[in-house]
Amino acid sequence: MEVTAINFIELKLFNTIEENEVEQFMNFIRRAYIESSRAGLKNTFEQDRPIIKKLMEEFGIVVETTTTGTAASDTHTSQQYNDQ
């Protein structure tokens, strides 16, 4: 990876047999966007969300808008485990 800062940032990501920096960076941006919308972190990343969103748009990263939550029956405290 090469990073050059002048009045702008030039970021060169490389895709080699050993390592795919482009995919790693895209996954990082996707995770940052998802985590920044979580209830406990939403206020923390409020100022960062526009740049994260811009990066997602520029890289063509798509994140599903549906959220999956853990239902009470999915946890280890469900009644089936308590009866054993």
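Read the figures in this text as sums done on the coordinates, not as results from a lab. Just so it is clear, the model here is predicted, and its values are computed rather than measured. All Cβ positions, even for glycine, are placed from backbone atoms using ideal geometry, and neighbour counts span all protein chains on display.
Structure values in brief
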| quantity | calculated |
| --- | --- |
| Rel. contact order, % - alpha carbon contacts under 8 angstrom, at least six apart, the range 17-66 | 41 percent |
| Among 49-57, 15-23, 1-9, the order from most to least packed when residues are scored by Cβ within 10 Å on average | 49-57, 15-23, 1-9 |
| P(r) tail fraction, the range 17-66 - alpha-carbon pairs more than 12 Å apart, % | 64 percent |
| Label-to-label distance, nm, for residues given as I9 and I51 (7 Å Cα→Cβ offset) | 0.5 nm |
